[in-house]
Amino acid sequence: MTDATLVLNAGSSSLKFAMFERRHGLPLLVKGSISSLHDKPRLKVSTAHDEPRTEMTLGKGSIDSQATLEFILRDIGERGLPQKITNVGHRIVHGGSRFTAPAILDRSTLKALDQLVPLAPIHQSRNLEIVELVAGVLPEAVQVGCFDTAFHADRPHVAMLYGLPRALTESGVISFGFHGISYGYVASKLKARYGSNAGGRATVAHLGSGASLCAMREGKSLATTMGFSPLDGLVMSTRCGSLDPGVVIHLLRDRKMSVEGLSKLLYDQSGLLGVSGISGDMRTLLETDDPAATEAIDLFVYRAGREIGSLAAAAGGLDTLVFTAGIGENSPFIREKICQAAGWLGVQVDPERNRRSEACISVSGSAVDVLVIPTDEERAVAEQMLSIIPIADNHSG
Ligand code: ADP
């Protein structure tokens, strides 16, 4: 049996996974996801070859992390692959100031990561719960964490500061930034396209259920819209994005909201869902002509357009604009609207190229290259893991 790496990417409402052969080029063996974990979960699995795909609903209610993992491991097991899972990589949302590179998930690391749960309550606790479950079912596998915050750790110091008293900054109340595994992957694709300049002053729009923007120069993070927590910045599926802190004080003091209630409001009941009152799913909103859905979409686009301007200011200009993740990769309509909002920066989209979701969707000769780059966080995790558990020479063929 040869070795394989399993990557688990736990989001707020889905668990994506991929399994790679541990040899040069990391050939993909299987990939899939369990989505809609809280309501009629669906398992989807496909392989790199022409083997049977799995697509099934897993009951009517919600499923917990243990059942999710069992379904995935059962599906992989039933495929009779000649590879054994010897290591498991995890996308971990928060590495704090300490974890700026992939780390083996031993007891002391897990304890340190557990202390970051309050900073990303939806994701971090699920991430760590899944690590524990994997330790139970695959006790011999080495587990490695790759951190969404790490890509942003080298930003200029001023980009990480809030206008708060120094003592708070020194105690860790700073902007961390997220979606870094996706941004790192996109940066590697920009380097493959443009060489070491990686598209110069590039702004990448990761528009999924969670959404953020990152301004890069030569493939390195300069500024990003998420901050201390994944709540900041753009309007998201169920998260509010940037909010005047005065609103938080008002809700706590004058409306007597509990801290728990407030957290639920800002993380789970706001964003596209809160504004539309219909859904946090962009596809669903685009399919209805309800004015509240239109307003939610308009707000999403308005805030993305505004933030592109802000990031262009941080980078001193814009040479390349990249769309990625569920909405960014799949919605020509939203891309077009956001590009219109960024037209003053020289962004000009070719409607046909955009409709076909081509790799480059800007008009020929445009001042700004506009690209669609599908992200692949699972492969990015598997690649990052090689820095601490390299492939043995006898597996390099
Ligand atoms: P996450 O990984 O954060 O759960 P994804 O990157 O899978 O999120 O993105 C999910 C979002 O992408 C949802 O809002 C979904 O509606 C949206 N999406 C997917 N396909 C399309 C499409 N064809 N048109 C518009 N939105 C889409």
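The values are calculated or read from the model by the stated rules, or taken from the named source; none is laboratory data. Note that the structure is predicted; figures quoted are calculated from it, not measured. Neighbour counts run over all protein chains shown; Cβ positions are idealised from the backbone, glycine included.
Numbers for the structure displayed
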read-out: Considering residues of the range 1-35 that are within 10 Å of the ligand (Cβ to nearest atom) and over 19 Å from CYS146 (Cβ atoms) only, the residue nearest to the chain's Cα centre (by Cα); value: SER13
read-out: Tabulated pairs, the range 201-215, first under 16 Å from LEU318 (Cβ atoms), second part of a strand (DSSP E or B) and within 13 Å of the ligand (Cβ to nearest atom), C-beta under 8 angstrom, 6+ apart or interchain; value: VAL204/THR324; ALA205/ALA211; ALA205/PHE323; ALA205/THR324; LEU213/ALA205; LEU213/HIS206; CYS214/HIS206
read-out: Matching helices (runs of 4 or more DSSP H) fully within the range 237-286 where at least 2 residues are in the same structural domain as TYR302 (by TED's automatic domain parsing), of a type in the set (Ser, Thr, Tyr) and under 19 Å from MET226 (Cα atoms); value: 259-268
read-out: Members of the range 178-197 that are away from the ligand (no atom under 16 Å from the Cβ), under 20 Å from the mean Cα position of the chain (by Cα) and either among the hydrophobic types (A, V, I, L, M, F, W, C) or part of a loop (DSSP other than H, G, I, E, B) (or both); value: ALA187, LEU190
read-out: Residues (assigned to a loop (DSSP other than H, G, I, E, B) and among the polar types (S, T, N, Q)) located in the range 45-97; value: SER62, SER97
read-out: Some residue of the range 319-328 being away from the ligand (no atom under 16 Å from the Cβ) and within 19 Å of the chain's Cα centre (by Cα); value: yes
read-out: Unique match (being more than 21 Å from ILE373 (Cα to Cα), in contact (Cβ under 8 Å) with a residue 60 or more places away in the chain and not in a helix (DSSP H, G or I)) among VAL173, VAL144; value: VAL144
